[in-house]
Amino acid sequence: MGVVPIPRRSIRFHNKSTDHSGNCDLIDSNPEAIAYGALYEFNLADKPGLDAAEGLGHGYRQATVAFPFNNVTYRAFVYVASVSHIDKSLNPYHWYKQLILCGARYHRFPDEYIAELESVPSITDPDTGRSAKNGALLARMAEF
């Protein structure tokens, strides 16, 4: 449906992934903070597959956010880190950060927000096979 500003929220890469790297989390933040996201509508029958892919119950829990979009206040669900999985010492793998940046660029998030995402430190994935697989995905995405 579109790009939405989510007031009073920030993105952090501190959710402990199963591979022990840092994945995204949408956190409550200061009143001036704004995170950006893409609003999608989908068939509720597809939600169990999305829940599984996003790790619901395995590091992520579901939360609801409210935000204005086109003069309507929407309430949407998001996945946020479970308290048990927050580790502020983590960094994302380079390929994971690039996937996030690809999405932000594709949806034309504001340049300042993209710059903020670009400034997040990232690390090399020690699993070269996983890194190559995700690098190939990024290369295919760059073709579009």
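Available extension along the chain between Ala63 and Leu137 is 23.8 nm, counting 0.36 nm per residue and deducting the alpha carbon span. With an a/c value of 1.5 or above and a/b not larger than b/c for the gyration tensor axes a ≥ b ≥ c computed over the alpha-carbon atoms, segment 1-76 is described as oblate.
Only lysine pairs 8 or more places apart, or on different chains, with alpha-carbon atoms under 23 angstrom apart are counted in the chain, and they number 6.
Ranking Ser29, Thr128, Ala115 by Cα position along the charge dipole of the chain, where only Lys, Arg, Asp and Glu carry charges on their C-beta atoms, puts Ser29 farthest toward the positive end.
Taking every DSSP bridge with both residues inside segment 2-142, close to 90 percent are antiparallel. Close amide H pairs (under 5 Å, H built 1.01 Å from N) link His14 with Asn23, Asp25, residues at least 5 positions away or on another chain. By the helix-only formula, in which each DSSP H run with n ≥ 4 contributes -39500 (n - 2.57) and the sum is divided by residues, the chain has a 222 nm mean residue ellipticity of -9000 deg cm²/dmol. With each label modelled as a point 7 angstrom along the Cα→C-beta vector, the Phe42-Ser29 pair spans 2.4 nm. A protection proxy built from the mean count of other Cβ atoms within 10 Å ranks the segments 95-103, 49-57, most packed first, as 95-103, 49-57. A simple spin-label model places pseudo-atoms 7 Å from Cα toward Cβ; at Asp87 and Ile123 they are separated by 0.8 nm.
Once the chain from Ala53 to Asn71 is taken as fully extended at 0.36 nm per residue, the excess over their C-alpha distance is 3.3 nm. Here the Karplus curve 6.51 cos²θ - 1.76 cosθ + 1.60, taken at θ = phi - 60°, turns the phi angles of segment 129-141 into couplings of x, 5, 4, 5, 4, 6, x, 5, 4, 4, 5, 5, 5 Hz, with x standing for Gly and Pro.
Here, each number is a calculation from the coordinates, and none is a lab measurement. Note that the structure is predicted; figures quoted are calculated from it, not measured. Don't worry about glycine lacking a Cβ; one is built from the backbone with ideal geometry, like all the others, and counts go over all protein chains shown.
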